[in-house]
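**Q** Pasting a structure here, questions to come.
Every number in this text was worked out from the coordinates using simple rules, so none of it is lab data. In this text, all values refer to a predicted model and were calculated from it rather than measured experimentally. Every residue, glycine among them, receives a Cβ derived from its backbone with ideal geometry; neighbour counts consider all protein chains shown.
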Amino acid sequence: MTISNDDDLQALKDIGGIVARALAAMGKALEPGMTTAELDAIGRDFLERHGARPAPELAYDFPGATCISVNEEIAHGIPGERRILAGDLVNIDVSAEKDGFFADTGASFAVPPVQPRIERLCRDGRRALWAGIGQVGAGKPLAGIGQAVGRFAEKNRYTLVRNLASHGVGRSLHEEPTEIATWPDRGERRTMTNGLVFTVEPFLSLGADWAENGDRDRWTLYSEPRAPTVQYEHTVVATPRGAVVLTLP
């Protein structure tokens, strides 16, 4: 989506704030012993109380209001009876629609006690996200996002999952531009237009290069090779002054 007026921008800020606060509420409630279904119910309740509809259900008939992925799962995990344990690494991805506008956000949470390497991974996952967001701006190359994230990952000895990309969003959950790499991609030649709305969502890992399907269901993706992996995500708008981040609480 490309924003064309202030009303569109305000509507996107509205749904962006809702998904951001839903994510924050879920992260605050996260504790050992609860099931991922119970955590998902907290997100669903928050979205519905604020007039929003869960986007995964709406767009893809996903069996949950949010995606919750634990440890070896890195994306699109289905909420269910899995119990969250002390020491788990949990990714929560929240996207929703309100009044015809969509926003998408996500974060990874380490459940105490947290190993130092996992604490560092989470901290650096957030830093990698902001390295990418720092390259957002009208007229700038989309490739700059992946180049910045790639430099950060290489400098700090991480790998990047290279088949889970950022994407356009706004009037639908996934739209043009598709497959925006958050890793260095020499083939990327597109430019950010003024008002372009899309996500930035790098997957930073302690060894994984890919996401692969498992045999449990048709949704959940796993790290390959198996390694702790985090994802942090914001929905942004490209402007002449840089990025406007829509998914802040």
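**Q** May I ask for the net charge around Met26, where only other residues with Cβ less than 13 Å from the Cβ of Met26 are counted and Lys, Arg are +1 while Asp, Glu are -1?
**A** It works out to a net charge of -2.
**Q** Still on this structure, I have one more. Quick check: residue separation of Lys140 and Arg127 times 0.36 nm, minus the Cα distance between them. What number comes out in nm?
**A** 2.6 nm
**Q** Please compute the modelled spin-label separation between Asn5 and Ala37, points set 7 Å along Cα→Cβ, answer in nm with one decimal.
**A** If labels sit at Ala37 and Asn5, their model points lie 4.5 nm apart.
**Q** Under a point-charge model restricted to the Cβ atoms of Lys and Arg (+1) and Asp and Glu (-1), what is the dipole moment magnitude of the chain relative to its Cα centre, in debye to the nearest 20?
**A** 1000
**Q** Further question: Per DSSP H run of n ≥ 4, the term is -39500 (n - 2.57); total these for the chain, divide by its residue number, and report the mean residue ellipticity at 222 nm rounded to 500 deg cm²/dmol.
**A** Calculated from helices alone, the mean residue ellipticity at 222 nm is -10000 deg cm²/dmol.
**Q** For segment 14-149, what is the convex hull volume of the alpha-carbon atoms per residue, in Å³?
**A** Roughly 119 Å³ of hull volume per residue.
**Q** Just subtract the alpha-carbon distance of Arg117 and Glu212 from 0.36 nm times their residue separation and send over the number in nm, one decimal.
**A** So the chain would gain 31.8 nm between Arg117 and Glu212.
**Q** Under 30 Å between alpha carbons, and skipping anything fewer than 8 positions from Lys155 in its own chain: which lysines qualify?
**A** Excluding near neighbours in sequence, the set is Lys140.
**Q** Quote the FRET efficiency, to the nearest 0.05, computed for Arg83 versus Asp45 with a Förster distance R0 of 30 Å and r equal to the Cβ-Cβ distance.
**A** The pair Arg83/Asp45 has a calculated efficiency of 0.90.
**Q** Cα to Cα, under 28 Å, and not fewer than 8 places away if on the same chain: which lysines meet these conditions relative to Lys98?
**A** Lys13, Lys28
**Q** For the chain, just the Cα atoms, rotate onto the principal axes and tell me the three extents in Å, largest first.
**A** Computed over the Cα atoms, the extents are 46, 43, 30 Å.
**Q** Based on the inverse mean of 1/r over its pairs of different Cα atoms, what is the Kirkwood hydrodynamic radius of segment 104-224, in Å?
**A** So the Kirkwood estimate lands at 15.2 Å.
**Q** Sticking with this one: Have a look at Phe109, Ala153, Leu204 and report the one farthest towards the positive end of the charge dipole of the chain, computed about the Cα centre with Cβ charges (Lys/Arg +1, Asp/Glu -1).
**A** My answer, from the dipole projection, is Ala153.
**Q** Please report how far the C-alpha centroid of segment 57-74 lies from that of segment 125-190, rounded to the nearest whole angstrom.
**A** 22
**Q** Loop-only check: which trypsin sites (Lys or Arg not before Pro) in segment 136-177 are DSSP coil with at most 15 other Cβ within 10 angstrom?
**A** Arg157, Arg171
**Q** Mind checking the dipole of segment 148-249: about its Cα centre, +1 per Lys or Arg Cβ, -1 per Asp or Glu Cβ, Debye to the nearest 20?
**A** Once rounded to the nearest 20, the dipole reads 360 debye.
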